[in-house]
Every structure is written in structure tokens, then in C-alpha cells.
Amino acid sequence: MNKLNKIINFYINASIHVAVAIFCLLKITSLSYQITISSFYYLVVFFGSICSYNFLKYYTVFNKTKKYKLLLWITFLTLLLCLLFYIKLTYAEQKGLFVGGILVGTYPYLRKIGWLKLVIVSFVVSLVTLGIPFIIANRLDFLLFIQRVLILFALLVPFEILDSASDNKKMQTLPQRFGIEKTKIFGYLAILLFIFLEFNCSMNTKKGLLFLVNLFISFITVLIIFFTSTKRSRYYTLFWVESIPIFWCVLLLLLKKISSCSCFLFY
């Protein structure tokens, strides 16, 4: 059991789980909106997520303790792999991801403005997993982009609540400024707006099961927010909450496989 715990902890601490979740968000974009995304783009996003998240989490301690040496090597290796596949991307893909990389680089400074944390992360992940693929496919849809930002904002609310106990009080994050219950309301409002936009889109396009899947994910997210408290273990957010995009993606893949008519599921 101890070995299993170590493996799970390493999987989480090395940011592999969050990278899988972001990879799945990219796959959700492809499945939901019938957009072709190159394999190199998938690889850059996956390895780039590991090295960027590790940099943001551990850059202040990499040189202070041997405890993080293995994570440092993993970060370095994934950075090399990211650059290797990055040069194989199209110019449009490179340019879009470069902008995303700049935004990631500013995060350690902008996160000091507490209420911006959720907005920055939601925007950057949405840009990488939906915005750039849409731009490349010449199918830019502002409402769909806002939808992705909203669902990610809601999914980040549990992280914000659990981090509120350890965050510097000067940061004035949403839970620190408004309290935990009011912060949850922000998450609920984000989901309501997500559902409203989902319903509005369904009036103009036959989305079939995709519409129901997105409503189900919205319901799960509301439950996740509702049961969030500062007493929850770190696995609640770092594993279970981050697993929602993975579950979302698996659900779409299963529905695609069992659906006899693909037009019933997709646009």
C-alpha cells in the first residue's frame, strides 16, 4: 500500500495528472466540435503542461532541497520533449502556443493579485485547449471560448477554497475577500452561465447526446463545489476534481463508440 501511495503521490506531484486532464480537454474539443488536431500539438500540450506546472509549483525550491531533484529532472526532460515537438508544429500553432507560454510565465507575478488566479488559469487553459485549435481551423467562436473559461473557472473554485487556508492573506483571493460560501456562489453562477450558453447553442445546432453530457458534467461540477471545504484532503482537488475532464473525455469516447449515428452526438 505504501508503494501504491508513493506512486500516486508522484503521479500527482509531478503534474502528470493535471497534464492528462488538459490533454483530455483538448480531446474534448476535437470530439465535440469535429476539429482535427495534430498529434504534435497534443504532445506539446501534454509535455508543456508538465514542465510549466512544475515550474510554477516548484521553481522557488528546486535548488534548496534534494527532495525535488527527481521532479527537476522530469521537468527538464518534459521541457526538452516539448521543444522537440514544438518545432514540428505549424507556424500558426507555434505562434498561438508562444502567446500561451508568455501568459504562463507572468503567472507567478500576476497571482499576487489574488482574484486574478482563477481568471488567468481558466483563460490560458481555454486558449490552449480550445481557442488555438479553433483559430487554426478558422472556426473561431467567442461564445464557445467563454463556455470553456466558465467551466474551468468553476472547476478551479475547490482549489481556491482549499488553498485559502495556506495562501498569504495579503493576496486577497476570492475566499479571503468574500468567504467560502460566497466563493462557491461564484462557481455556481459560472455553471449557470455555462448551461445558458449551452442551451442557447443547442437551439441553433443539433447537439444530441453532447448537450446531455455537458449538462451532466455541469451537475457533477456543482456537486464538487458544494462538498468542498477546507477540511477536505488534498486528494479531493489534486486527484478527484482534476479527474473530471478525464471522465468527461472518456464519456464522450464511449458515446462516440456506441452511437450508431455520429451526427446524433456531434455538430
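Thr230 falls short on exactly one of the conditions (1) at pLDDT 90 or above; (2) not in a helix (DSSP H, G or I), and that condition is (1).
When Met203 is tested against (1) loosely packed, with under 13 Cβ neighbours inside 10 Å; (2) modelled with pLDDT of 85 or more; (3) more than 22 Å from the chain's Cα centre (by Cα), just one condition goes unmet, and that condition is (2). Residue pairs whose Cβ atoms lie under 6 Å apart, separated by 6 or more positions or on different chains, with the first residue in the range 217-239 and farther than 19 Å from Ile185 by Cα and the second open to solvent by less than 70 Å² (accessible area, probe 1.4 Å), are Leu238/Ile12.
Is there a residue in the range 167-178 that is of a type in the set (A, V, I, L, M), in contact (Cβ under 8 Å) with a residue 24 or more places away in the chain and open to solvent by 50 Å² or more (accessible area, probe 1.4 Å)? No - not one qualifying residue is present in the range 167-178. Screening the candidates Gly96, Gly105, Gly131 for the property of being touching a residue at least 40 places away in the same chain (Cβ under 8 Å) and under 19 Å from the mean Cα position of the chain (by Cα) yields one hit, Gly96. Exactly one residue out of Leu83, Leu143 is within 20 Å of Leu189 (Cα to Cα), open to solvent by 70 Å² or more (accessible area, probe 1.4 Å), out of contact with any Phe, Trp or Tyr (no Cβ under 7 Å at 6 or more places or on another chain) and part of a helix (DSSP H, G or I), and it is Leu143.
The values are calculated or read from the model by the stated rules, or taken from the named source; none is laboratory data. What you see is a predicted model; the values in this text were computed from it and never measured. Positions of Cβ are generated from backbone atoms using ideal geometry, with glycine treated the same way; all protein chains shown enter the neighbour counts. With ligands, DNA and RNA removed, areas are computed over all heavy atoms of the protein, side chains included. Shrake-Rupley method; radii C 1.70, N 1.55, O 1.52, S 1.80 Å.
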